[in-house]
Amino acid sequence: MAPPPQMQMSKPPPPAAPPAGGTGGGDGAPGGEPDAKRARLDTGLQSEADFAASCSGPVELQFSLPTDATVDSAWQMDGRTVPMAVDVMLTIKQLKEKLGAEKFGGMPASKYQLKDATLGFLKDRLTIAHYNLKTATLEVVLKKRGR
């Protein structure tokens, strides 16, 4: 027997579509989908090609080494600052390999990162020109594993 008409349950309304400008709030706002990623801020850097064209010859970079007696003594992590002239189109990974071979006694590139005071950690796949590094001092940060 069917319930009387006044007691029939009504179906809930369909969910509202998200606004045209976004996907809804990721913090509990209607839509249930996470917000889109934040747009990158304008860094004020030149394009890689423009910067490379503006450089005539290699750039002189400085590398600030940590003082760490716990690592291999051949790597010479003694707190000094090491200069090096490099081509702007080297990737950060190529730069680290060159540094390790020529200045750090054969230290593998995977054992450390390079950090700029304003740009933060530099990504291995990008070039020196991408970061617009002409005369900079980069901090050598050793990777610590298992501690």
Report the accessible area of MET89, computed with a 1.4 Å probe over the heavy atoms of all protein chains in place, in Å² rounded to the nearest 10.
90 Å²
Per residue of the range 124-137, in order, report the coupling 6.51 cos²θ - 1.76 cosθ + 1.60 (Karplus, θ = phi - 60°) as ³J(HN,Hα) in whole Hz, putting x for Gly and Pro.
4, 7, 9, 9, 4, 5, 4, 8, 6, 8, 10, 9, 9, 10
Cα-projected label distance for MET84 with LEU45, points at 7 Å along beta-carbon direction, nm:
1.8 nm
With +1 on the Cβ of every Lys and Arg and -1 on the Cβ of every Asp and Glu, and nothing else charged, how large is the dipole of the range 48-142 about its Cα centre, in debye rounded to the nearest 20?
120 debye
Whenever you get a sec, line up TYR112, TYR131 from highest to lowest accessible area (probe 1.4 Å, protein heavy atoms).
TYR131, TYR112
According to a simple spin-label model (label point 7 Å from Cα along Cα-to-Cβ), what is the distance in nm between LYS134 and LYS93?
2.9 nm
So, in nm, how far is label GLN76 from label LEU142 when the simple model puts each one 7 Å beyond its Cα toward the Cβ?
1.6 nm
Mind listing the long-range amide H neighbours of THR137? Cut-off is under 5 Å, sequence gap 5 or more, other chains count too, H placed in the peptide plane at 1.01 Å from N.
GLN62
Multiply the residue separation of ALA117 and GLN62 by 0.36 nm, subtract the distance between their alpha-carbon atoms, and state the gained length in nm to one decimal.
18.5 nm
Just reorder ASP50, ASP68 by solvent-accessible area, largest first, 1.4 Å probe, all chains present.
ASP50, ASP68
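Show ASP124, ASP87 ordered by accessible area, largest first, where the area counts protein heavy atoms only and the probe is 1.4 Å.
Most to least solvent-accessible, the answer reads ASP87, ASP124.
The values are calculated or read from the model by the stated rules, or taken from the named source; none is laboratory data. Note that the structure is a prediction, hence the values are computed from the model and not measured. Cβ coordinates were reconstructed from backbone atoms using ideal geometry, including for glycine residues, and neighbour counts include every protein chain displayed. Quick note on the areas: whole protein, heavy atoms, side chains included, nothing else; ligands and nucleic acids left out. Shrake-Rupley method; radii C 1.70, N 1.55, O 1.52, S 1.80 Å.
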